[in-house]
Every structure is written in structure tokens, then in C-alpha cells.
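Report on the structure given below.
The values are calculated or read from the model by the stated rules, or taken from the named source; none is laboratory data. All values reported here derive from a predicted model rather than from experimental measurement. We place every Cβ from the backbone using ideal geometry, glycine too, and count neighbours over all the protein chains shown. When the accessible area is computed, the model is the full protein with side chains, heavy atoms only, and any ligands, DNA or RNA have been set aside. Shrake-Rupley method; radii C 1.70, N 1.55, O 1.52, S 1.80 Å.
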Amino acid sequence: MLNIKNLHASVEGREILNGLNLQVNPGEVHAIMGPNGSGKSTLASVLAGREAYEVNDGEILYHGENLIELSPEERARKGIFLAFQYPIEIPGVSNANFLKTAVNEVRKSKDMDVLDSKDFLKLMKDKMQLVKMDKSMTQRSVNEGFSGGEKKRNEIFQMAMLEPELCVLDETDSGLDIDALRIVSDGINALRDGKRSFIVITHYQRLLDYIVPDFVHVLYKGKIVKSGPKELALELEEKGYDWIKEEVEI
Amino acid sequence: MSEDLKIIDEVTSGEYKWGFVSNIESENAPKGLSEDIVRFISAKKKEPEWMLEFRLKAFRHWQKMQEPQWANVNYPKVDFQDIIYYSAPKPKKQLNSLDELDPEIKATFDKLGISLLEQKRLAGVAVDAVIDSVSVKTTFRQELSKLGIIFSSFSEAVQEHPELVKKYMGSVVPYTDNFYAALNSAVFSDGSFCYIPKGVRCPMELSTYFRINSAGTGQFERTLIIADEGAYVSYLEGCTAPKRDENQLHAAVVEIYAHTDAQVKYSTVQNWYPGDKDGRGGIFNFVTKRGLCAGERSKISWTQVETGSAVTWKYPSVILKGDYSTGEFYSVALTNNYQQVDTGTKMIHIGKHTRSTIISKGISGGRSNNSYRGLVRIGKQAEKARNFSQCDSLLLGDKCGAHTFPYLECANPTAKVEHEATTSKVGEDQIFYCNQRGISTEDAIGLIVNGYCKEVFNQLPMEFAVEAQKLLAVSLEGSVG
């Protein structure tokens, strides 16, 4: 589904990713870990097509199509979803209105009929349960005045609404207390259906207790330097990153 | 220019949809302004002597006045001798029913989405349709008259209700008030008149739709709304004009008089032709709007959505004379390309316990300039008066300007006045966030701006709010660059 080959990307002229390779098949969950500044969030931004990030070399194939050519909204409509590390506030625009616009844009791009208000409300009601979201949140302005936990929950709620094929979660666990972490993880797990794929970017093994990955990758200096099964995360938790750094430096 | 901004820029081709010219035969006064022209207009309208006197006094006063220079706008000097002051669609014959209305006029309003057919009314809106200098049709007059409500063109009111016109005209905006008010008082040709009797709640929205059609003309209409004790009315005003390369002058006067316990809500969607994207043409919109809360507990509320005109100069104001009276001003002013707006309000607190609220949202794109100018004056007697002002500016690009000029004069120590102001830019983060959910940049900006204006849109009557949102989306095209 997703095939990243020798990806080099920079921001403000500084190369952050240099020669990253990653293959994600349908239904797989890949965890990306790594020390600060290794390029984890850059990878998320490049996948989503953020403007400031420039791809200098390599390719990203998504269902065989070159992703780099596509605008952020085209990528989104083709099923790539980024759960933001810091969700953005849009004052005066209700969550419901925002999502209705988004859902219908995605549907239009697939030649599906747009949802009317009734069907949309029904869909919202179903999906809200996934993240135990309170009804009042749909009428509040997008992320405005939300607590850290509510913002992250809202990201997962949006993900559920848009039904993407590839979900990129950028440090979704940051700023969550243990209860919120559980709710958010349960939501994500409920969306694992054997076809949908996930790239879970995180600092901590803690999240992976809830969202059990198929693969764990260590990103260091813009490259994946080690990959392994879920046990690799435990090893990292215990030993830190120094041993990997040493391996790489040698 | 970044990719997002380029996409937006490409949509600049978004045209002013209301810029057509209708082929309506019209009867014009000769160009220029003189006592003879004033007499000509008055004679055309078969006005009584007192009306002519009023006009002449205004004209003589105007001749002694200077064009104001203090507004934060730049435009070529208006040549007042190069304007046609009276232009009326030529009547084919006496109109008895709508079927006999000039089909071209009817077609014009159909094209503008304004139905002059009463059976096709939308959510109960009565319309007074004004083309150039005259009112061509007022709907629902009979139904309203059963409640004692007078809703007619100004000219008809002069003929049929001279006592009311005489009593109230100029009582809120005297002809000496300012340069354009004086000019209007001298040459105004038509407009709407509305009187709501004691204790009556007007059952439908009243609206006036202004259309400039003829070239080289100025439009000088006058609206007078009187709400008697305990009356209520919600009034809407809309306006459009054809696209022309020259500038056209629109100098209107609106007066609202609210008696004890009366409430008047006046909403405007101002969509005069703003000129093309290089700043050619467009309407000069120099308007005096003022309400007087004469009685206790009366309330006047202005809501305006300003997207049109090349240059706008307009301060809908409220004089809070009655104790416990309330004044409100809600405004969205959007400028794009080379548009210039200097708008705001004046809240003059005279009575005790008077309250006013000002919510102003300025949005600037392109190379436009958008200024808020507001005065809050608390008089000596205005015990415990209260004002809250909030003036926000949103910038859509880096070549536009937003300015705020608040004036505060407080002569009573028990008064409480609050002022808040913010300036922000539509963030790339916000746009990217929307993009990532599948929403295009253009739609994202529309969404963000509409969200920003929500407080004001909430004040508009339902169908008008929808209209305003759509209008905003069209006016936003090509705003970032």
C-alpha cells in the first residue's frame, strides 16, 4: 500500500530525512520510534504533504501512485489521514460543520453522493461512541478551548469519520493521562479492521502496550536504522537509544 | 508565492455576478447640480412646497460645505457637476398590478434573486425595489396596511403621509449634519418609508433592494423608519450595481426613530460593484445612517455585511437618548483587491443606564485597506452607561492593511466602557489542517472566515445569513496573494 524508497526531505534547507525506506502493507501497524530530532514528525509532515517540507530525492508510492505529486487535500481524499501532534484551533467553525465539509469532500472525490444532515448526524452519533465523545463537543468550535486530551480524542473521532486507509498518528500519546490514553487507544484499536494500516509515531513504549504494533522501527538521523517485532519497543524502553546510536556510528 | 496562495490567486477570475446592465428605458435629468436641478427633481415628483423648501435649504447649505478629508481612504475627487442626479425607468403606463410591471424590470430583479411576486415570497419578506432614482414596486402593502403599518416608497409617503414625513425627516440626520447628508437632502429622489404604529410587531421582514442601472448617475436614496411606542420591526437592505469602468456615487441617508419600548433591527448586505481586480470602477459609497433611541427602553440594532463598493465611508450610529435604551452595531467588512473601507459606528450615550455593544470584524485581502473607526461618547447625564466594543481584524495576505481608530469620550464617572481589539492572520497551519481533512484551500479560507464572522452572522435573519455567507465566499476569491 505504501512504499517509501530512499526518501530525502528537508525543511528550510536543512536535510532531515536522508534515505528512509519503509514498506507498509494493508492491515499492518508500524511503530516509529527514535530520539528527539531523528525526523519522526518530519516523516508525518512529508506524508501529509505539508508545504514547507521539500522532498529532494527518493519516492513515496501509495497504491503504486507517486504521492509527492499530489496536494495535501488530494492525499487526504485518497485515504491518508494525519492525526496531528498539536491539533489546530479554528474559532467559530463547529466541529460538526468542519467534519461535514470534510466528509463530503472525500465522498465527492469518490463520486459518492454527499451526505445530507440527517445521515451525517447519524454517522456522527455512531462514531462518537468510539472515542466516548460527548455530544456537546460536536457543536463546539474545532479544537477551541479543548483540553489536550479532548483534542487528541477529537483527532481520532475525525479519523473514524473520514474512514481513511492509512492513518499516521503523530505522537498521539503526548500530553495524555492514563485514562485518556486508554480511551484514545481503544478508539484506534476499534478502527483496526485488517485492511486499514497505521503508522504510529511515538516516544514511549507505553502507547504500544495498548496499540500493539506488527513492526517497530527506530528512526535515527533521518534513516530507519533498526527494525524488529514489537519486543524491540520493550528493549528500547529498557536500554534507551544509546546502544543503537553506537551500532550506527560504528 | 506559495502553492496555496497561487491556487487562491487563480480563482481571481471569480466575477462580480451582479454586474449586468438591463435595457430599461430611462428618463434622465441633465448632468450637473444647481438649484434648477433640485427644482427639477422636486417638480418631477410633484412635491409639495415644504419639501422643495427643505431641499433648497439643504442645497444652499451644501454649497458652503467642504468635502470631508479625514477618512482613511484615497480616491479621485468627485466631480459633482459630472453626475446625473435623477434617472427613472420610463413608465410605459400607469401600473395597476404587477403583471403590468415593465418585464425588463421584473427580469432584472428575478436575475438578482429578488421576487416581486407576492405569492412567491420567501419566508415573509416584503420588498421595496428601487432602481436608480425611483421605487418601482413595493410588495405586501395591503397586507401590512391592515395592521396600520405603512411601507411605501419615500415619494409616496411625501404625498400620502406628509405629516409623518414632515415631523421625522431630518430629525435624526439633519441636512446640516455632513457634506453627503446635505447633498442627499438636496437631491434625494426616492427610498423607503416605514411606519410601525403603537404596539404593533411587524409580522414580516421589510426590505429595500437598491439597484443602480443607468450609467453616469448617482444614487441618493433616503430611508426613514419610525417605530412608535412598543413597536417592532426588522428591516433588510440589499444593493448591487452593474460593472462599469467609471466610479459611481451612492450617497444615502437612513434615519431610524424609535419611541418608548420600540425595537428596530436594521440589517444590510452591501454588495455594490467593488471595481475590477485592478481597482478600476466601482461605487463610492458615502452613507449616513443613524438611529435615535428617543424613548425609554428603546433599542436599535445595526447589522451590516459589507463586501462591495470601491470606497466605503459609513458609520451606522445610535443616539441613546431614552433612559435604559440600547444600541448595537455588528459589522463584517470584507475588502479585496483595491477596495477601501472606512467604517464603524458612533454610540452617543445621553440617557441614564444606556447600553451599547459594538462587534466589528474586518477582513482584508488583496491590496485592500480596511479601517474601523468608532466613537463611544458618554454624556454627563449618562449615569451608569455601559459600552462594550470588540474590534477584530483578519489579514488574508501581506499586501493589505487593517487599521483601528477607536475614539472614547467619557464625561460620566459611573459609566463603564470596555474595548477589545485583535489582529490576526489566517494561519497556514489552519489551512493545512483543513487540507489534511480533504478540504481545498479555497474552501478552507471560506470556512475560517465564516467562523471568524459567526458572531455577526448570528445577528442576521436566517435567509439573509445564508446569503451573506455565500457572498463572502464569492468576495473572498483571489483574496490571498
Might you let me know whether the stretch A:150-157 holds any residue that is open to solvent by less than 10 Å² (accessible area, probe 1.4 Å) and part of a loop (DSSP other than H, G, I, E, B)? no
Qualifying positions in the stretch B:148-178 - in contact with a Gly (Cβ under 9 Å, 6 or more places away or on another chain) and without any contact (Cβ under 8 Å) to a residue 60 or more places away in the chain: B:SER153
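With at pLDDT below 90 and either more than 14 Å from chain A (Cβ to nearest Cβ) or part of a helix (DSSP H, G or I) (or both) as the only criterion, which of B:GLU467, B:GLU409 stands out?
None of the other options fit; the residue is B:GLU467.
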From the set of residues in the stretch A:105-131 that are more than 8 Å from every other protein chain (Cβ to nearest Cβ) and closer than 23 Å to B:ILE448 by Cβ, which is most open to solvent (accessible area, probe 1.4 Å)? A:LYS108
When restricted to B:TYR209, B:TYR195, the only residue within 17 Å of B:THR138 (Cβ to Cβ), at pLDDT 85 or above, open to solvent by 10 Å² or more (accessible area, probe 1.4 Å) and in a strand (DSSP E or B) is B:TYR195
Please work out which residue is most open to solvent (accessible area, probe 1.4 Å), limiting yourself to the stretch B:380-404 and to residues that are in a strand (DSSP E or B) and more than 13 Å from B:ILE358 (Cβ to Cβ). B:HIS403
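Conditions tested, residue by residue: (1) closer than 30 Å to A:TYR62 by Cα; (2) out of contact with any Leu (no Cβ under 6 Å at 6 or more places or on another chain); (3) open to solvent by less than 90 Å² (accessible area, probe 1.4 Å).
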site	(1), (2), (3)
A:ILE188	yes, yes, yes
A:GLY194	yes, yes, yes
A:ILE199	yes, yes, yes
A:HIS203	yes, yes, yes
A:ALA233	yes, no, yes
A:TRP243	no, yes, yes
Where in the stretch A:67-136 are the helices (runs of 4 or more DSSP H), entirely inside, with at least 1 residues that are in contact with a Cys (Cβ under 9 Å, 6 or more places away or on another chain) and not hydroxyl-bearing (Ser, Thr, Tyr)? A:72-77, A:95-109
Do we find a residue being surrounded by fewer than 23 Cβ atoms within 10 Å (Cβ to Cβ), in a loop (DSSP other than H, G, I, E, B) and at pLDDT 95 or above anywhere in the stretch A:165-181? yes
Matching residues, the stretch B:212-243, being modelled with pLDDT under 90, part of a loop (DSSP other than H, G, I, E, B) and of a type in the set (A, V, I, L, M): B:ILE212, B:ALA215, B:ALA241
All positions within the stretch B:250-269 that are within 15 Å of the chain's Cα centre (by Cα) and closer than 23 Å to B:ALA182 by Cα: B:HIS250, B:ALA251, B:ALA252, B:VAL253, B:VAL254, B:GLU255, B:ILE256, B:TYR266, B:THR268
Checking B:HIS161 against (1) at pLDDT below 80; (2) out of contact with any Ser or Thr (no Cβ under 7 Å at 6 or more places or on another chain), which test does it fail? (1)
Would the stretch B:251-265 turn up any residue that is closer than 30 Å to B:ASP110 by Cβ and open to solvent by 20 Å² or more (accessible area, probe 1.4 Å)? yes
For the stretch A:34-75, enumerate the residues that are closer than 25 Å to A:PHE215 by Cα, within 11 Å of another protein chain (Cβ to nearest Cβ) and open to solvent by 10 Å² or more (accessible area, probe 1.4 Å). A:SER45, A:GLY49, A:ARG75
For the stretch B:412-454, which positions are basic (Lys, Arg), at the interface with chain A (Cβ under 9 Å from one of its Cβ atoms) and more than 25 Å from the chain's Cα centre (by Cα)? B:ARG437
Mind counting the residues in the stretch A:76-104 that are more than 10 Å from chain B (Cβ to nearest Cβ), in contact (Cβ under 8 Å) with a residue 24 or more places away in the chain and open to solvent by 10 Å² or more (accessible area, probe 1.4 Å)? 2
(1) closer than 24 Å to B:LYS31 by Cα; (2) crowded, with 24+ Cβ neighbours inside 10 Å: which one isn't true of B:SER155, the others all being true? (2)
